[in-house]
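*Asks:* The following block contains the structure, expressed as structure tokens.
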Amino acid sequence: MTNTEAIAHFTRRLAFETDVSDVRADLEAGTPGLVVVDSRSDEAWRQGHLPGAVHLPTGQIAARAAGLIPPGSSVVTYCWGPGCNGATRAALEFARLGYAVREMIGGYEYWVREGFPVRGEHGEWSRPADELTAPAGAACGC
């Protein structure tokens, strides 16, 4: 493998993936055109989801996206976590529909583990940050 191939590979990944910290920063900044889509089931959505996310299970994207997601939006999909490829499948559906789309790596699991707020049936809540994902007093620096 050459450096040129490595550069192309990692550039492509960064074009189509984002992480929970960057999504949080974009949401807090009110990034224009950003739509975060939770592609999980109704039951999972009720248990908790990112504040401001749109609920659109993967199997419904083709039929319902045009009515929920404005054309020209920058879509970020998420599902449960790194052990689930639901966000990847959802991102593929959005790409097929012509949306600019990225997958949020880490998914809902890492959003919660980093101590970010979650909204569910009983209001908004958060857990303390998991020291393995967001060590107290230490910034990732990446």
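The values are calculated or read from the model by the stated rules, or taken from the named source; none is laboratory data. In this text the structure is predicted, and so the values were computed from the model without any measurement. Don't worry about glycine lacking a Cβ; one is built from the backbone with ideal geometry, like all the others, and counts go over all protein chains shown.
*Asks:* For Gly52, which of the numbered conditions (1) in a loop (DSSP other than H, G, I, E, B); (2) more than 19 Å from Asn85 (Cα to Cα); (3) in contact with a Gly (Cβ under 7 Å, 6 or more places away or on another chain) fails to hold?
*Replies:* Failed condition: (3).
*Asks:* Being closer than 23 Å to Glu28 by Cβ and either more than 17 Å from the chain's Cα centre (by Cα) or among the polar types (S, T, N, Q) (or both), is that true of even one residue in the stretch 80-99?
*Replies:* no
*Asks:* Restrict the check to the stretch 9-32 and report whether at least one residue is assigned to a helix (DSSP H, G or I), of a type in the set (Lys, Arg) and touching a residue at least 24 places away in the same chain (Cβ under 8 Å).
*Replies:* Yes, some residue in the stretch 9-32 is assigned to a helix (DSSP H, G or I), of a type in the set (Lys, Arg) and touching a residue at least 24 places away in the same chain (Cβ under 8 Å).
*Asks:* Name the one entry in Thr2, Thr58 that is farther than 22 Å from Gly120 by Cβ and either modelled with pLDDT under 95 or surrounded by 13 or more Cβ atoms within 10 Å (Cβ to Cβ) (or both).
*Replies:* Thr2
*Asks:* Of the conditions (1) among the hydrophobic types (A, V, I, L, M, F, W, C); (2) touching a His at 6+ places or on another chain (Cβ under 7 Å); (3) under 20 Å from Asp130 (Cβ atoms), Trp45 fails just one. Which one is it?
*Replies:* (3)
*Asks:* Taking the stated definitions as given, is Val75 more than 16 Å from Pro117 (Cα to Cα), surrounded by 21 or more Cβ atoms within 10 Å (Cβ to Cβ) and touching a Phe, Trp or Tyr at 6+ places or on another chain (Cβ under 6 Å)?
*Replies:* Numbers: more than 16 Å from Pro117 (Cα to Cα): yes; surrounded by 21 or more Cβ atoms within 10 Å (Cβ to Cβ): yes; touching a Phe, Trp or Tyr at 6+ places or on another chain (Cβ under 6 Å): yes.
Considered against the rule, which asks whether it is more than 16 Å from Pro117 (Cα to Cα), surrounded by 21 or more Cβ atoms within 10 Å (Cβ to Cβ) and touching a Phe, Trp or Tyr at 6+ places or on another chain (Cβ under 6 Å), Val75 comes out as yes.
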